[in-house]
């Protein structure tokens, strides 16, 4: 599918500290786009960012809202992390069913750099920031399914 004017879905994929929020904020301004970030919403609502049940419900609601926005002609950036290929595939197929191009932006950094960024974020005290130690990040890295070249080829190029 060719990208150009009109709505598109942008999926941001990566571990904590990879730069998803930084990129999402830039895209939000430049495109412009609607940015949906579960971490920010959970923090604003005073919900524990590690409450997986609430996070899952919020992400489902964001997904429905994203589809509504795409139907209305609005570009949407989903900042969920998309740790599994199945999650990414589901979003890609649903957006394609709406006739919308889908971009996958994979952000990666070495584990030491992710740790450094996460530690700096906690020191800065940004709202909604939670400490994620090296041990937890290593556990996350074992669960994360990085997209390979074949998967990336299924998505549209960035506009």
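Computed from the coordinates by the stated procedures, all read-outs in this text should not be read as laboratory data. Treat the numbers as computed from the prediction; the structure is a model and nothing was measured. Cβ: placed from backbone, ideal geometry, glycine included. Neighbour counts: every protein chain shown.
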Q.
Using the basic label-point model (7 angstrom from Cα toward the beta carbon), what is the residue 90 to residue 135 distance in nanometres?
A. 3.1
Q. So what is Rg over Rh here for segment 1-87, counting just Cα atoms and using Kirkwood for Rh?
A. 0.96
Q: Over the chain, calculate the relative contact order: mean separation of alpha carbon pairs under 8 Å at least 6 apart, over the residue count, as a percent.
A: 39
Q | Alpha-carbon centroids, segment 37-98 and segment 110-159: separation in whole Å | A | 17
Q | Peptide ranges 96-106, 8-18 listed from the most packed, as the mean C-beta count within 10 angstrom indicates | A | 8-18, 96-106
Q) Packing-wise, with mean Cβ within 10 Å as the measure, how do 48-55, 117-124 rank, highest first? A) 117-124, 48-55
Q) By how many degrees, between 0 and 90 and to the nearest 10, does the Cα long axis of helix 85-97 differ from the longest principal axis of the chain? A) 30
Q.
Students often get this wrong: which residues of segment 101-125 have the backbone nitrogen under 20 Å from the point 7 angstrom along Cα-to-C-beta of residue 149?
A. 104-109
**Q.** Linear extension gain, residue 107 paired with residue 45, 0.36 nm per residue minus alpha-carbon span
**A.** 19.6 nm
Q | Estimated 222 nm signal from helices in the chain, with DSSP H stretches of n ≥ 4 weighted -39500 (n - 2.57), rounded to 500 | A | -15000 deg cm²/dmol
(Q) Give the average over all directions of the projected area of the C-alpha convex hull of the chain, one decimal, in nm². (A) 9.2
